[in-house]
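The values are calculated or read from the model by the stated rules, or taken from the named source; none is laboratory data. Note that the coordinates shown come from a computational prediction; the quantities given were computed from them, not determined experimentally. So basically every Cβ, Gly included, is an ideal-geometry build from the backbone, and we count neighbours across all protein chains shown. Note: accessible area is taken over every heavy atom of the protein model, side chains too, but ligands, DNA and RNA are not part of it. Shrake-Rupley method; radii C 1.70, N 1.55, O 1.52, S 1.80 Å.
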Amino acid sequence: MSRAAERLRLMINHLDRSSATISAVPTYAQTFTSRPQTLRFTHDTDLLTPEQRLFYEENGFLLIKNLVSEEDIDKFRMAFERICRQEVKVPGLVVMRDVAIVKSEFVADEKAVSKLQDFQEDPELFRYCNLPQILNYVECFTGPNIMAMHTMLINKPPDAGKKTSRHPMHQDLHYFPFRPADSIVCAWTAMEKVDRQNGCLVVLPGTHTGTLQEHDYPEWEGGVNKMYHGVRDYDPKHPRVHLEMEKGDTVFFHPLLIHGSGMNKTQGFRKAISCHYASAECYYIDVKGTLQENIENEVKDIAIRKYGLGEITFKDTWALRGRLVQGERTSL
């Protein structure tokens with residue numbers, strides 16, 4: 001048999017074999033094994049595109065345009081204004097005032113309020129935390145069983161010349177005695193146009209892959225608002241992104257992402273509404289002896305004064321706030 005005939009016979013025999021018996025023999029330059037990338041920070045719910053998942057994996061935040069309707073935002077604004085005018089009393093609500101204006105504004109309106117915290121007992125404001133379009137995205141980060149753990153409506157005031165309207169660069173996990181961090185996410189929605197002039201969010205992309213750092217009050221000449229702790233040490237040369245947003249835009253970000261906000265250099269108030277969500281499978285940890293002990297002591301002191309209790313744990317202060325918004329409450 002000629003060499004050509006032999007080669008043809010071998011080729012036919014090869015093609016006649018079932019695919020299960022054929023194995024490729026790799027060569028140095030021509031073949032390689034491709035394995036799917038493991039995605040640590042997101043779940044596959046068929047909502048996020050592969051590009052969006054990779055962006056969050058690499059950067060720790062994801063901006064979704066026009067997610068919350070103008071109608072809903074206007075209703076949240078009206079609920080906020082009713083609280084500022086003291087027309088309603090919301091159990092557990094913390095009303096905060098900027099340190100630079102707290103003594104100069106006595107009128108009961110939004111000018112005296114810089115933030116509402118823990119609005120879970122207000123039906124209209126808490127409706128934000130239950131919006132289906134918000135929860136659809138939250139599930140991509142927490143899984144299907146979702147707890148709303150921390151609620152805020154931020155009313156960043158015009159800076160009074162002391163630069164106190166700034167929020168120091170920080171990691172939200174500093175405030176949370178529950179883990180794992182990768183099962184926690186913040187949804188932050190602009191209630192109006194937010195840009196560098198009125199103090200938009202500033203994020204350091206990729207810092208969510210690091211660890212929790214030491215936080216404390218920064219030594220600012222004009223003073224610092226209560227509970228506004230900042231990261232003690234981070235690279236000031238790290239690339240940063242200013243998240244300029246339109247009304248209704250929503251950014252989702254990881255609790256280890258270092259972020260903050262600049263001064264409000266305008267004459268108006270910059271409003272945003274937010275909720276931190278966690279998987280119901282998260283668990284509480286003891287932060288004594290850790291970098292979080294300073295915030296634990298501060299929160300406990302405030303809670304004891306507010307509720308008149310003899311003793312309360314850091315875990316208790318969070319268990320009181322948490323609300324199930326989807327699925328089953330399994331741990332938190």
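Couple of notes before you dig in:
- Condition met for Leu93 (modelled with pLDDT under 95, closer than 28 Å to Ser183 by Cα and touching a Phe, Trp or Tyr at 6+ places or on another chain (Cβ under 7 Å)): yes
- In region 112-159, the residues that are within 24 Å of Glu57 (Cβ to Cβ) and aromatic (Phe, Trp, Tyr): Tyr137, Phe141
- Residues (open to solvent by 40 Å² or more (accessible area, probe 1.4 Å), over 18 Å from the mean Cα position of the chain (by Cα) and either at positive phi or among the acidic types (Asp, Glu) (or both)) located in region 273-308: Asp286, Gly289, Glu293, Asp301, Gly308
- Checklist (1) within 25 Å of Glu71 (Cα to Cα); (2) at pLDDT below 95; (3) not small (Gly, Ala, Ser) applied to Met245, failing item: (2)
- The set of residues in region 133-146 being within 19 Å of Trp318 (Cα to Cα), touching a Phe, Trp or Tyr at 6+ places or on another chain (Cβ under 6 Å) and either open to solvent by 10 Å² or more (accessible area, probe 1.4 Å) or assigned to a helix (DSSP H, G or I) (or both) consists of Thr142 alone.
- Flag for Asn130 being surrounded by fewer than 18 Cβ atoms within 10 Å (Cβ to Cβ) and polar (S, T, N, Q): yes
- Positions within region 280-313 being at pLDDT 85 or above and hydroxyl-bearing (Ser, Thr, Tyr), in sequence order: Tyr283, Tyr284, Thr290, Thr313
Residues checked against (1) over 21 Å from Asp74 (Cα atoms); (2) in a loop (DSSP other than H, G, I, E, B); (3) of a type outside the set (S, T, N, Q); (4) in contact with a Phe, Trp or Tyr (Cβ under 9 Å, 6 or more places away or on another chain):
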| residue | (1), (2), (3), (4) |
| --- | --- |
| Asn264 | yes, yes, no, no |
| Ser274 | no, no, no, yes |
| Val287 | yes, yes, yes, yes |
| Thr290 | yes, yes, no, no |
| Asn294 | yes, no, no, no |
| Asn297 | yes, no, no, yes |
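- Here Phe252 clears all of (1) among the hydrophobic types (A, V, I, L, M, F, W, C); (2) at pLDDT 95 or above; (3) part of a helix (DSSP H, G or I) except the condition numbered (3).
- Tally of residues being under 16 Å from the mean Cα position of the chain (by Cα) and assigned to a helix (DSSP H, G or I) across region 53-87: 6
- Residue among Arg329, Arg270 that is touching a residue at least 12 places away in the same chain (Cβ under 8 Å), closer than 30 Å to Gln133 by Cβ and open to solvent by 40 Å² or more (accessible area, probe 1.4 Å): Arg329
- Residues that are in a loop (DSSP other than H, G, I, E, B) and touching a residue at least 60 places away in the same chain (Cβ under 8 Å), drawn from region 232-247: Tyr234, Glu246, Lys247
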